Amino acid sequence: MPGSIDWNDNRWYQRAVFYEVSVRGFADSNGDGTGDLKGLTEKLDYIEWLGVDCLWLLPFYQSPLRDGGYDISDFFAVLPGYGDVKDAAQLIEEAHRRGIRVIADMVMNHTSDQHPWFQESRQSRDNPKADWYVWSDDDQRWSDARIIFVDTEPSNWTYEPAREQYYWHRFFHHQPDLNYRNPEVADAMLDVVRFWLDLGLDGYRLDAVPYLFERDGTNGENLDETHDYLKRIRRTVDTEFPGRVLLAEANQWPADVVEYFGDSDECHMCFHFPLMPRMFMAVRRSQRYPITEILAQTPDIPDGCQWGVFLRNHDELTLEMVTDEERDYMWAEYATDPLMRRNIGISRRLFPLLDNDRRIAELFHALLCSMPGSPVLYYGDEIGMGDNLYLGDRDGVRTPMQWTPDRNAGFSKADFAQLYLPPLMDPVYGYQAVNVEGETRNPSSFLHWLRRLLEIRREHPTLGIGTFEVLSAENPSVLAYLRRLEMEDGHESIVLCIYNVSRFAQPVELMMADLAGKVPVEMIGRVPFPPIGELPYFVTLPPYGFYWFTLHDEG
Amino acid sequence: MISPDGIVSLLPDFLPRQRWYGAADRVLSSVSVNSFEVLREEWPMLAWLLADAEFEDGSTATFQLPVGLRPLEQTERFLEGKGRSFLGDVDTDDGPALLYDALVDPELALALVRHIAPDEDVTLVRPLNVEQSNTSVVYDERLIMKLFRRVAEGPNPDVEMTEALAAEGFEHISAPVAAWRQDGRDLAVVRQFLDGGTVGWALALTSLRDVYDSRIDPAEAGGNFGPEAGRLGTITAEMHLALARSLGTEPGDPDAWATTMRTNLSRSRARALDASAIAAAYEALRGIEDPGRAMRIHGDYHLGQTMRTNEGWYILDFEGEPALPLDERRALSSPLRDVAGMLRSFHYAAEVALVERGPSANDDELRSLGRRWEQHVSEAFIEGYCATEGIDALVPGDDDDRRRVLDAFTLSKAVYEVGYELAHRPDWAHIPLEAVHRLIASPR
């Protein structure tokens, strides 16, 4: 895959490794203190070396940046500090040349209040854009819709004196919701989708999709109208841009999220949100059930679809989604656990959450790369970067990428004071201790280890698209599963993964009599293990240890 | 063909070697075969028999034994290291044969399950560890056959109770698929196998190992078992509610409970116990106006009878206390007796995990962490139990009375444990003794 793109492969996303990157925080090419598209383009060799198949760019559009760029004021322009549309085209072209695809965030639900559409709409009740947003004479309509940002927003309605009306916003008051019941809006947003795909973009991560439409008597989430519109986008993509991908962000329970796959006619991918916190809980409780429970509750997905799985990203799971009875588990375990309570809803990077324990980091990445779904890495986690909680909620995990131990972490030649955020400088996670240059030179670094893991994953499509089957094990600290895939030549590829989620060494006996005669070969070192027999297969694992095996016929 | 005549002479040697014999404290005087049937006539042969044993003290027992036969010259891998399962050599019409416990033979274990549940199509066999009163075999990791080794007149409580619970829609059991009965006696039952589960005991030890190693308060530690125990309490209450609906209840009789407890106390050989203080605690039961209901209960409830799965807790093995005669196992009692059983199990878990640590088991800090774990987990269990809707109808409405009944059953269980440990595992007697002292030192 790296080095060349198979343009006939319309299901590439089912086996791809994604890498989420903030343009602002990756590399600054012009020394103004802020990362830019050119800087990112210059670092593509590194991303190719790491073995990433697809970049996911956080919003890089024109924006007043009151919500990290998720408040877009011009869908067709690049934020000037990041470059221009030509730079974006160049980034995509250079990435493609290295076998890397590029997708980007797109915010469908709302715009910035600075967007010309809204500026016009708010003027009067009868201008041409008057119905492009959702207006109401009173602020009591749709009171069943929850307020998502309860800490800052008292209501989903905000008063506009010029119209003597209220406008609807599911997020911040400076992010008015677009009115998708207006066909002009639906068409205009489809043109936005077309614009960047025309430029070569390989797809979108669609932000906050459950809220596009509102309807009386509902909570305004997951409405049929919303699904219908997403299907319309999908039809447009399939007809005009085959092979491009739609990745939905719907922070809902898996059973509800699968609706966004439609019947293979809506989004290609959706994020699996509850998996990540449950991996943390499994390690904390030294038992696999937090993970296996949620996987047991995860429905099968239609053919051609895929989950996006991640350890960390810029959004966090919040407890607001876990209120029903079937979710009691989350309440009982999370709301009472001091560590989880402290970290929920707070952006932390992976390594600080793991107390910088490399064993768990390896365990988690092995899990991430072998569970059903395509792994999404977050920039900086591959070198074990830390966070700066004092920068406030989301900025704490968006500090500059640490390239070298030199000035400004090698991120920018600007004056330190000019940087958009200070790089980390603490003795444990600071750029003098943690940086790409140092980890590239050190063959036993986490970076090299992860690169090797991604290489192995790429060699085994079974890990991307194989079936998934948890094996019975009496030891609660051990999670073992099989991935199976029928290959084109007719033989079945089987991968066996075994994990110890406890900090003590553990034995396990696995019931695999139906696989008797197969020889497990460890995938990293290619060391053959004793063949599987009629009796339970006995394996011992070191603390937080794991094994990946391919199963071969004896002889 | 084979006949029982060649087999019966081998039984006096074979039976006492079995874990399910359960009569090590008695002297066997005679064995006879009261039922015999050949279930499969070609090699390997399968025969089934019931053996009546008489003991010198006049007591009797009936053992169930499926036996397999293979030609003597054959050596089978599955028999290696299974000396305990051999009965010996016998002559058959087809030549000399080795006679053995059929359940260790995968081919015969399949033949037997096909006999009991002919509708089920299974191919893979995995024998489980032998238990005190039964032997279990897993098929295809999907079904489990439990063969009762000591057969009694009347329904086997395990079959009876799980059928009653299944009829009430209580899903947290291994649901029965087929039962094998003869002349009103339950011989074996085939159920769904709980795939991917962990026995509660193992899960509790996982939590305790984390607590003892990290030395963090059990409610704050990574291995906090409180939420699990709370959910187990809820399932336990739901089990009682389903049993009450299905098999009915009667008004609880605290006088009778106290009398039974006192009888058991006087039978106890434990001189280490302060009998008068214990008896006084039992007497506190009398005079309770609302003691809750008396009903069929699990009867031998502890962590080893529970299993954590992806669908939450399951409850296993409703045979009751294996040492008791059948009519006592089926007797009605307070549902709080099961709660008491689980509280005792929490105490044992904390102690066993402490002993695992060897010399540091004497560490005062660890001892108090273990005590704290037991308290924390017990509270969570009781809270989960008592918060379950409808349970108030089965247990005393008054909090103090509820506590008094629970304490009396917990004490009674601990007294029983003291006797058992002194007879079988004297090194362990300190565990229930400590519990007894705690319960009589701080009457509520």
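Here the contact order of region A:45-204, divided by its residue count and restricted to Cα pairs under 8 Å and six or more residues apart, works out to 22 percent. Proximity of backbone amide H atoms, modeled 1.01 Å from N, is registered between residue B:388 and no other residue at under 5 Å, excluding neighbours fewer than 5 places apart on the same chain.
Rg/Rh, computed from the Cα trace of region B:195-306 with Rh as the Kirkwood radius, has the value 1.08. Among residues other than residue B:95 with Cβ under 13 Å from its Cβ, the summed charge is -4 (Lys and Arg +1, Asp and Glu -1).
Using the Cα coordinates of region A:353-408, the gyration tensor eigenvalues translate into equivalent-ellipsoid semi-axes of 24, 14, 12 Å, sorted from longest to shortest. With Cα atoms as the point set, the radius of gyration and Dmax of region A:470-524 evaluate to 13.0, 42 Å.
Extension gain for residue A:149-residue A:45 works out to 33.5 nm (0.36 nm per residue, less the C-alpha to C-alpha distance).
Using the scaling law 2.2 N^0.38 Å as the reference, what is the normalised Cα Rg of chain B? Compared with the compact-globule rule of thumb, chain B sits at 1.05. Seen against the Cα atoms of chain A and their longest principal axis, helix A:275-285 is set at about 50 degrees. Here residue B:413 is the anchor, and no lysines lie within straight C-alpha reach of less than 26 Å, apart from those fewer than 8 places off in the same chain. Where q = 0.11, 0.19, 0.21 Å⁻¹, what log10 of I(q)/I(0) comes from the Debye formula for region A:198-313, counting one point per Cα? Once normalised to I(0) and log-transformed, intensities are -0.41, -1.01, -1.14.
In µm²/s, what is D for region A:343-443 at 20 °C and 1.002 mPa s, where D = kT/(6 pi eta Rh) by Stokes-Einstein and Rh is the Kirkwood radius from Cα pairs?
Stokes-Einstein gives a translational diffusion coefficient of 149 µm²/s.
In loop segments of region B:20-119 as defined by DSSP, the GluC sites (Glu not before Pro) with at most 14 further C-beta atoms inside 10 Å of their C-beta are B:41, B:42, B:56, B:73, B:80. For the protein assembly as shown, the mean projected area of the C-alpha convex hull, equal to one quarter of the hull surface, is 46.5 nm². Other residues within the sphere of radius under 11 Å centred on the Cβ of residue B:282, judged by their own Cβ, net out at 0 (K and R +1, D and E -1). For residue B:152, the shell of other residues with beta-carbons less than 13 Å away shows a net charge of -3, using +1 for Lys and Arg and -1 for Asp and Glu.
Rounded to the nearest 10 degrees, the inclination of helix A:358-368 to the longest alpha-carbon principal axis of chain A is 70 degrees. Between amide H atoms placed 1.01 Å from N, distances below 5 Å from residue A:110 occur with A:178, all of them 5 or more places distant or on a separate chain. Restricting attention to chain A, the count of lysine pairs at 8 or more positions apart or across chains with alpha carbons under 29 Å apart stands at 6.
The base-10 log of I(q)/I(0) for region A:459-555, evaluated at q = 0.14, 0.17, 0.21, 0.25 Å⁻¹, reads -0.49, -0.74, -1.12, -1.48 [Debye formula, identical scatterers on Cα atoms, solvent excluded]. Between residue A:228 and residue B:441, the distance separating the two model label sites (each 7 Å from Cα on the Cα→Cβ line) works out to 7.3 nm. Expressed per residue, the C-alpha convex hull volume of region B:313-444 stands at 133 Å³. DSSP beta bridges confined to chain A are antiparallel in about 60 percent of cases. Between region A:138-180 and region B:275-329, the C-alpha centres lie 57 angstrom from each other. The value of relative contact order for chain A, using C-alpha pairs under 8 Å at least six residues apart, is 12 percent.
List the lysines whose alpha-carbon lies under 20 Å from that of residue B:82, not counting same-chain residues fewer than 8 positions away? Counting by Cα, and skipping residues close in sequence, residue B:82 has these lysines nearby: B:146.
For chain A, the longest principal axis of the alpha carbon atoms and the long axis of helix A:183-198 meet at an angle near 50°.
The relative contact order of region A:128-192, computed from alpha carbon pairs under 8 Å that lie at least 6 residues apart in sequence, is 35 percent. Since only A:13, A:117, A:91 are under comparison, the one whose Cα sits farthest along the positive direction of the charge dipole of region A:3-117, derived from C-beta charges on Lys, Arg, Asp and Glu, is A:13. When only alpha carbons are used to place a centre, region B:353-394 and region B:8-43 end up 42 Å from one another. Of all DSSP beta bridges confined to the protein assembly as shown, the antiparallel ones make up roughly 80%.
Around the amide H of residue A:245, modelled in the peptide plane, lie the amide H atoms of A:203, A:204, all under 5 Å away and 5 or more residues distant in sequence or on another chain.
Over the C-alpha trace of region B:48-105, radius of gyration and Dmax come out as 13.8, 42 angstrom. Computed over region B:244-379, the Cα gyration tensor eigenvalues convert (square root of 5λ each) into semi-axes of 29, 22, 15 Å, ordered from largest to smallest.
Each of residue B:386 and residue B:327 was given a label point 7 Å from its Cα along the Cα-to-Cβ line. The distance between the two points is 3.7 nm. Rg and Dmax over the alpha-carbon atoms of chain A stand at 23.9, 81 Å.
Each reported figure results from applying straightforward, stated rules to the coordinates on display, with no laboratory input. Treat the numbers as computed from the prediction; the structure is a model and nothing was measured. Every residue, glycine among them, receives a Cβ derived from its backbone with ideal geometry; neighbour counts consider all protein chains shown.
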